[in-house]
Every structure is written in structure tokens, then in C-alpha cells.
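Q: Mind looking over this structure? Questions follow.
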Amino acid sequence: MEKNEIYNGLINIVKSEYVKMDEPLKNHLYTQLGGKADYLVMPTTFEEVQKVVRFTNRAGIKHTLLGNGSNLIIKDGGIRGVVMNLKYLNDISSEGETVVAQSGARIIDVSRHALNESLSGLEFACGIPGTVGGALYMNAGAYGGEIKDVLDYAYVVDKHGELVKRNAKELGFDYRTSNIPENGDIVVEATFDLTPAKYEDVKATVDDLTYRRESKQPLEYPSCGSVFKRPPGHFAGKLIQDSKLQGTNIGGAEVSTKHAGFIVNKDNATTADYIAVIEHVQKTVKKNFGVDLEREVRVIGEDK
Ligand SMILES: Cc1cc2nc3c(=O)[nH]c(=O)nc-3n(C[C@H](O)[C@H](O)[C@H](O)COP(=O)(O)OP(=O)(O)OC[C@H]3O[C@@H](n4cnc5c(N)ncnc54)[C@H](O)[C@@H]3O)c2cc1C
């Protein structure tokens, strides 16, 4: 299909102001890095998500999901095909002990909603800068809590464009992972099962976790959070610190001097710089301690 034919097909599904061609993705990523998307599409209903999936299937082009871009590194050559962002699907509501959030809602806002309803269970998510969709995909977690502890079920659009309900077990959650990528599902809504609590108690936990996060993380620079998963029996940050890698930089990307597990875009880095720092850290830690550091952050797209 010609480029204009694809564009016209997309604006027949989603209003034209929500379809962009050759969109620089660095404007949408926490790292402020990465090339362009051929098409960026922002559906506003579940039906539009379904129609975009069916359209890309028929046209034989790929679709890729972009949440809040807080756990993604996109290569400098960008992404071919359609990138979908669900930021306009962002309703949050609750009934009794249940909170329902659409995929593009920020998990921080869902956590705040739970606090305001005096519900406990999502305090751990009060500082995780992703969307509900990205949080389910990654089984995001912090300070001993993770999505799998509180998710009841989700609605997804499957790879054929069908709207399907999946319970938490069916989503295959494990440490910072789920089976959402292998099934090719798109999360459109999540239902969380929380516990009634005293507002002051939930607030005290949120305040404590916020203080701990703000005092330890280099939030003043663009980054994608902790780059590596926790290796069994070790802490990634400690291995990096003990390897004296803090402050190491390539181009404008640097191992944070404040939190060794973070790599920051300190000075107009390219994705190639960022990946070079990641690989240097992996090699050095392997040489010093014999430990393989597995990336938590997802790297997608094409080289320039
Ligand atoms: C400063 C900072 C602190 C962080 N702290 C934490 C932390 O404490 N704990 C933690 O777990 N993470 C943390 N992260 C990482 C990140 O916030 C989480 O992994 C978050 O869940 C990613 O959500 P996102 O919307 O930004 O996803 P993105 O980065 O946009 O995408 C991540 C993956 O999810 C997929 N995806 C996104 N939306 C959907 C959808 N609707 N359906 C299907 N797939 C989808 C994308 O295709 C991609 O593969 C931190 C990041 C930063 C920058």
C-alpha cells in the first residue's frame, strides 16, 4: 500500500488530528531519544483500537504500542508501520473495592485515585511514571508490590482485533514481564481489586515511598528508570557501583552518579550512545563479577 493510502485508511478510523505522519518519537519518550514513526495513531475508543488492528493486518503492516515511553528505548532509525498510543483512553472510576482504569491512564493517577477512595494496594505505584497498559505489560512494581498482586482482570484487543477479557492468571505475570508481548495483545482496560483502609495510613505509605524515590533517583535528567532487572542474589545498582562505572559516559549518555542503576541522557545523547553505555556496563559487570545483567528496558525500532 502507498503511504497516502495508509494515511487515508487510518483517518477513516481515527479523527485526522489524532493521526500523525513521520512523527519524531523522542517527543514521546522519557529518554528524549529515538527516530520517527511512519504513523502515530491515537485512538479514542476500544472500537477504534480494534479497527486499527484489523486495518494494519489487512494492509500487512506492523503496529507497535507506545505507552508513556518510560521503559522504552527507540533506535535512531525509528519505527516502521503504525505506532499506537492510547493516551486519550484514560478514564478512571471505582465502585466499592474495585478500581477500573483505561489503558492510557497514568498508573500514578490510578494510585492517587485509590488513595482518595481510601483503598490500599496501589501505594507501590505512586511514583511509577507509566500508563496502565505499560504497567501491565511490564508487571511494573516497586518497594515489594507489583501489578500482579492487585490486578483482577483486563480487557485486551487481541492480534485479530477481538475485544477479549483476560484474568490476571491468563496474563502470565512474572518478574517485570507478562505474556502480553507473545500474545500480541493490546491492553485497553484494567480492573484492580483493592482493600479498604484508613486514608491516613494509605497516605503515610505514599508519602514515605515518594520521599524514598525522590531522594535516590536522578529525576532531574531524562532516563528510562532502572535499566537492568535485579539479577538473582544481587542488586544491579550495587554491581555497577562496585565496578566504579558511575559517571562513565559515551556521547551524551551517562551512568548516573546518583543511582547506579539509571543511565541518563545528560547532553543530547543518541540512542546509539545510550545502547553503547548499556553494553559497556553489561560487559564490565560480567568481567568483574561473572553476573549477566539482563535489560529491563525494551529496545525497539531500527538502526539509522
Ligand atoms: C524515573 C523512572 C522511574 C521508574 N520507576 C519504576 C519502578 O519503580 N518500577 C517499575 O516497574 N518501573 C519503573 N520505571 C519503568 C516504567 O515506568 C514502567 O516499566 C512502566 O510500566 C512503563 O509504562 P509505559 O506506559 O511508560 O510503557 P512504555 O515505556 O511506553 O512501553 C513499555 C512496553 O509496554 C508496551 N505497551 C505500552 N502500552 C501498552 C498497551 N496498552 N498494551 C500492550 N502493550 C503496551 C510497549 O509496547 C512497550 O513494549 C521507571 C521509569 C522511569 C523513567
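Q: Grab the beta carbon distance between ALA276 and THR177, set R0 = 22 Å, and tell me the FRET efficiency rounded to 0.05. It would help to have the intermediate numbers written out before the result.
A: Details: r = 25 Å, r/R0 = 1.14.
For R0 = 22 Å, the calculated efficiency reads 0.30.
Q: Once you have the Kirkwood Rh of segment 211-259 from its Cα pairs, apply Stokes-Einstein at 25 °C and 0.890 mPa s and quote D in µm²/s.
A: On the way: Rh = 11.9 Å.
For the chosen part, D equals 207 µm²/s.
Q: Report the FRET efficiency, 1/(1 + (r/R0)^6), for VAL164 and PHE289, where r is their Cβ-Cβ distance and R0 is 51 Å, rounded to 0.05.
A: 0.75
Q: OK, next. Find how much the distance from LYS238 to GLU214 grows on full extension, using 0.36 nm per residue of separation minus their present alpha carbon separation; answer in nm with one decimal.
A: On the way: separation 24, 0.36 × 24 = 8.64 nm, distance 1.87 nm.
Length gained between LYS238 and GLU214: 6.8 nm.
Q: Hey, how much of the P(r) for segment 171-261 falls beyond 17 Å, as a percent of Cα pairs?
A: Working: 2825 of 4095 pairs.
For segment 171-261, the fraction of Cα-Cα distances above 17 Å is 69 percent.
Q: Less than 16 Å from a label point 7 Å out along the Cα-to-Cβ axis of THR195: which backbone N atoms in segment 137-162 qualify, by residue?
A: Residues 144-152 fall inside that zone.
Q: Using the 2.2 N^0.38 Å rule of thumb for compact globular proteins, work out how segment 41-196 stacks up: its C-alpha Rg over that value, please.
A: Details: Rg = 15.1 Å, N = 156, 2.2 N^0.38 = 15.0 Å.
Relative to the 2.2 N^0.38 Å estimate, segment 41-196 comes out at 1.00.
Q: To continue, here is another question. Grab every C-alpha pair in segment 226-304, bin the distances at 10 angstrom width from 0 up to the longest one, and report whole percents.
A: Per 10 Å bin, starting at zero, the Cα-Cα P(r) for segment 226-304 comes out as 20, 55, 22, 2 percent.
Q: Sticking with this one: Place a +1 charge on the Cβ of each Lys and Arg in the chain and a -1 charge on the Cβ of each Asp and Glu, then give the dipole magnitude about the Cα centre in debye, rounded to the nearest 20. Mind showing how you got there, number by number?
A: Details: 37 positive and 42 negative charges, 191 e Å.
Its charge dipole is roughly 920 debye.
Q: Give the Debye-formula value of log10 I(q)/I(0) at each listed q (0.12, 0.17, 0.18, 0.21 Å⁻¹), with one equal scatterer per alpha carbon of segment 1-102, two decimals each.
A: -0.42, -0.77, -0.85, -1.07
Q: Bin width 20 Å, alpha-carbon pairs only: give the P(r) of the chain as whole percents, running from 0 to the bin holding the largest distance.
A: 32, 57, 10
Q: Counting pairwise Cα distances across segment 129-175, what percent come out greater than 12 angstrom? Could the numbers behind the result be given before it?
A: Details: 677 of 1081 pairs.
Here the long-distance tail beyond 12 Å is 63 percent of all Cα pairs in segment 129-175.
Q: Right, something else. Expressed as cubic angstrom per residue, what is the convex hull volume of the alpha carbon set of segment 168-223?
A: On the way: hull volume 9.2 nm³, N = 56.
Cα convex hull per residue, to the nearest whole number: 165 Å³.
Q: Volume per residue, Å³, of the convex hull around the alpha-carbon atoms of segment 110-242?
A: Numbers: hull volume 17.1 nm³, N = 133.
Dividing the Cα hull volume of segment 110-242 by its residues yields 129 Å³.
Any read-out appearing in this document is the output of simple, stated calculations on the displayed coordinates, not a laboratory observation. Computed from a prediction, not measured in an experiment: that's the story for all the values here. Neighbour counts run over all protein chains shown; Cβ positions are idealised from the backbone, glycine included.
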